[in-house]
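Below is one structure, written out as structure tokens; the observations come after it.
Each reported figure results from applying straightforward, stated rules to the coordinates on display, with no laboratory input. Since this is a predicted model, take the numbers as computed values, not measurements. Cβ placement follows ideal geometry from the backbone for every residue including glycine, while neighbour counts extend to all protein chains displayed.
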Amino acid sequence: MLKKKENKIDFITLIAIILLSSFQFKAFAKIDTLVVISTNYGVIKLKLYEDTPFHRHNFIKLSKNGFYDSLLMHRVISGFMIQGGDPDSKRASAEQIIGNGDIGYTLPAEIASQHFHKKGTIAAARQADDVNPERVSSGCHFFIVQGKKYSELDMVNVETRMANQVKQSLKMKYLNNPAHVLLKERYLAHQQARNNDSLNAITKLIQPFIEEEFKTQKMHKFTPEEKLVYNKLGGAPHFDGNYTVFGEVIEGIEVIDKIAEVKVQGNNRPLTNIRMKVTLEIVNN
């Protein structure tokens, strides 16, 4: 009886292995676009997500057209990310400030909870919320996350900072209401004069509005799985829910670390140009 039971377990285990292998094969088969970014520090290979179609197809189109070829990684911040995609960077002089060039169109936000800013993810850059409340993405700028590792306490602090940022946005929403133009003028005047007591008094005045509106906001909460990834692999959790993540590195993640450690100018532009060439390895779209 014991021998038969062991055989049964072996058979079930075998079936499980076959099914798992089949699932892994199917999952890989869904990766129909591999992007290869070649730099003088090495090659980064990424897969693009199918459930962010606007960003995926746009990146494929630009790559096919050679848009990214010879552009610079123009912004590098160690422990955070590396960024490229400014068309003005192709022929920029060593002294030129770059990062403001664009392609002339934006992409609708495709912010999905299942895609978060773990190390090695590629996301679309965009303008800040105060001028871009819809969080639309640049049509060409992108960044690849290096980030850092976060403890459990770090993650709690990140959630707290994200909540405070929402409250700050609600305060500005109130002040930007045309009915409150005089109060906004007072607030800005006190801000310029660095009169913190008066600023706190105005904030206290509109606090009931902020707290009431805050109750209607869906605050970002990190799952246990996300916390584990940020602890073991690292990333930039404070960006979650704010930017469109549309792919991730599958080979060459060490190249991100190499680029992130280069010396930079005051505007985070590398002192030595880091040019890229982007090609498509597999395309079945």
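Numbers below:
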read-out	value
Residue within region 260-276 that is out of contact with any Leu (no Cβ under 6 Å at 6 or more places or on another chain) and within 16 Å of THR121 (Cβ to Cβ) present	yes
Of all residues making up region 254-275, the number that are surrounded by fewer than 19 Cβ atoms within 10 Å (Cβ to Cβ) and either aromatic (Phe, Trp, Tyr) or over 21 Å from ASP154 (Cβ atoms) (or both)	15
Flag for ILE202 being closer than 14 Å to MET81 by Cα and of a type in the set (Val, Ile, Thr)	no
Matching residues in region 259-285 - criterion: being touching a residue at least 40 places away in the same chain (Cβ under 8 Å), in a loop (DSSP other than H, G, I, E, B) and more than 11 Å from LEU34 (Cβ to Cβ)	GLU261, VAL262, ASN267, ASN268, ARG269, ASN273, ILE274, ASN285
Test: ILE274 is touching a helix residue (DSSP H, G or I) at 6+ places or on another chain (Cβ under 8 Å) and over 30 Å from ILE144 (Cα atoms)	no
Enumeration of residues in region 63-101 that are within 18 Å of the chain's Cα centre (by Cα) and free of Cβ contacts under 8 Å to residues at least 60 places away in the same chain	GLY85, ASP86
Cross-chain or 6+ apart pairs with Cβ under 7 Å, region 158-169 first and surrounded by 13 or more Cβ atoms within 10 Å (Cβ to Cβ), then assigned to a helix (DSSP H, G or I)	VAL158/PRO237; VAL158/HIS238; MET162/HIS238; VAL166/PHE214; LYS167/ILE210; LYS167/PHE214
Every residue from region 205-231 that is surrounded by fewer than 10 Cβ atoms within 10 Å (Cβ to Cβ) and over 30 Å from GLY79 (Cα atoms)	PRO208, LYS215, THR216
